[in-house]
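The values are calculated or read from the model by the stated rules, or taken from the named source; none is laboratory data. Here the structure is a predicted model, which means the values were calculated and not measured. Backbone-built Cβ (ideal geometry, glycine too); neighbour counts: all protein chains shown.
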């Protein structure tokens, strides 16, 4: 989903850039401001999507380590329930460990549906943009170094 969003925002930015240049050439202040606002909105989202992808990759690595050490627990699953992207990161990690069905069962029992794309915190807190937790959890996850070499573990277990 993030790749599709990234391509979409790049294409939107290109479209708005072309419109912005045309507005500048005809020397229309109103149209210049109009297209500039759309261009900035779309252009900034390119970087937000990239940062979101980085954060979800860190979630994936952390979830995989947690599932490997502790198995599937409600506490671990609930760490990644807030948004569709976080749930996907946890599900991919669980799938690689053969635990996907347990995680799906947990999310289903919590009422999560396949069409729940809007993060729950956005619905519960309309002022989320002004909260530190949103920016930290969505775009600025700290780098996580996996504690296990899963390729090596897989080779050892197949011997």
**Complete:** Across the range 78-100, the tally of residues that are in a helix (DSSP H, G or I) and over 19 Å from residue 134 (Cα atoms) stands at 7
**Message:** Can you pull out every residue in the range 101-133 that is surrounded by 13 or more Cβ atoms within 10 Å (Cβ to Cβ), assigned to a helix (DSSP H, G or I) and modelled with pLDDT of 80 or more?
**Reply:** 102, 103, 104, 106, 107, 128
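This table checks each residue for (1) in contact (Cβ under 8 Å) with a residue 60 or more places away in the chain; (2) out of contact with any strand residue (DSSP E or B) (no Cβ under 7 Å at 6 or more places or on another chain); (3) surrounded by fewer than 16 Cβ atoms within 10 Å (Cβ to Cβ).
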| site | (1), (2), (3) |
| --- | --- |
| 22 | no, yes, yes |
| 28 | no, yes, yes |
| 35 | no, yes, no |
| 41 | no, yes, yes |
| 58 | yes, yes, no |
| 64 | yes, yes, no |
| 76 | no, yes, no |
| 81 | no, yes, no |
**Message:** Any residue at all in the range 145-156 that's loosely packed, with under 10 Cβ neighbours inside 10 Å, at pLDDT below 90 and not in a helix (DSSP H, G or I)?
**Reply:** no
